[in-house]
Amino acid sequence: MPILITGATGYLGSLLTQKLACQGRELKILCRKDPADPVFYQKGISLIRGDILDKESIIRASRGVRQVYHLAAYARLWAKDPLTYTRMNVEGTRCLLEAARNAGVEKMVHVSTAGVVGPSVDCPMNEDMPRNAGFFNLYEKTKWEAEVMCREFADQGFSVTIVNPSRIYGPGPDTGSNPVTRIIELYIRGKWKVVPGSGEDIGSYCYVEDVVEGMMHAMERGRSGERYLFGGVNASFNQLIKTISIASGVRNRLWHLPFPILETFSQVQLAFAELTGRPPLITPDWVKKYKYHWALDSSKAIREIGYRIRPLEEGVRKTIKWVKENRLI
């Protein structure tokens, strides 16, 4: 029986599709338009034209399916219509959950975000710690609402496991979901010039292949109704830049940009976006978020499903190699 993947043409989804296809798995790919990447046209992959908000296409795609990977979401910084986040991330997930349950799907892996657990204070956050701050943006809020709904379906007997990736980086198409890879590319091209604030804020940097393999492990071993944090190496932004510099051999002079300046810039960007409809480079909500530490403890995922965390130096080195080979640097 085939596997259904939503969001298959995105950053994570394209690699997941490639790995499952290499295993000889039969796949159904839900997509709004025909993808350009030839990986989607190999034997064993069926393209289902449709949308996560189109109930008819979701029902059609779910028929005869054994497993579902749900990656489709609205994860951009800004939407002209704020309700886009609710429609895509909450209503779309509900539509898929209902269709999958009614079709007799055995299990679903729902891909959320580590942003739902909130910032860290005295120690890295794990799955059991209560959130200690409000939601910083509509993306976090709606992904949390989708998780609540997944657990409701799990309580009713439908098998669904939740995974929560952090700041993902590594090879893959620039879809807006991998800003760390973009920073690596810009740095080695000499076009990344700033450090937000002091640069001492902590993030958790996870390599894309580790996340995709973790998703596959979650399908095999993850407990229904459980959340698994897919963090990575907990490092400051300064440490990230230093790692990129050493791995690439590039030494750039960077300027620390105080948060008040970033906040003013983001306000201008937001006003311009609302006036013109063009997406902003950054928004005030996202500036506020990066004033905090976001260290994660992924020991539950490591212990229960075999998730692995690649050293930052290794992952950055592989990413630089890929960027040079594929972006003509």
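Some values worked out for this structure:
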| quantity | calculated |
| --- | --- |
| Qualifying chymotrypsin sites (Phe, Trp or Tyr not before Pro) for the range 219-271 [loop in DSSP, other Cβ within 10 Å: at most 11] | none |
| Hydrodynamic radius of the range 1-74 per Kirkwood, over alpha carbon pairs, in Å | 12.0 |
| Proximal aspartates and glutamates to K43, defined as alpha-carbon separation beneath 17 angstrom and excluding residues fewer than eight positions away on the same chain | E26, D34 |
| GluC sites (Glu not before Pro), loop per DSSP, at most 14 other Cβ atoms within 10 Å - longest free stretch of the chain | 201-329 |
| Reach of K143 by Cα under 25 Å, taken over lysines that are not fewer than 8 positions away in the same chain | K28, K33, K55, K80, K107, K288, K289, K291, K300 |
| Filtered trypsin sites (Lys or Arg not before Pro), the range 81-175: DSSP coil and at most 16 other beta carbons within 10 Å | R131 |
| Aspartates and glutamates whose Cα lies under 20 Å from that of K191, excluding same-chain neighbours fewer than 8 positions away | D174, E325 |
| Distance in nm between pseudo-label sites at T84 and L186 (7 Å out along the Cβ direction from Cα) | 2.0 |
| P(r) histogram, all alpha-carbon pairs of the chain included - 20 Å bins from 0, percent | 31, 60, 9 |
| Dipole magnitude of the range 136-195 about its Cα centre (Cβ charges: Lys, Arg +1; Asp, Glu -1), debye to nearest 20 | 500 |
| Separation in nanometres of the label points that stand 7 Å from Cα toward Cβ, at R251 and W322 | 2.9 |
| Beta bridges by DSSP in the chain, antiparallel share as percent, to the nearest 5 | 15 |
| Loop-resident sites, the range 236-329, for trypsin sites (Lys or Arg not before Pro), counting at most 13 other Cβ within 10 Å (DSSP) | R251, R253, R327 |
| GNM top mover of T319, T161, T175 - the chain, alpha-carbon springs below 10 Å | T175 |
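Laboratory data are not the source of any read-out in this text; all were calculated from the coordinates shown. Everything numeric here is computed off the predicted structure, so don't read it as measured data. Positions of Cβ are backbone-derived with ideal geometry, glycine not excepted, and every protein chain shown enters the neighbour counts.
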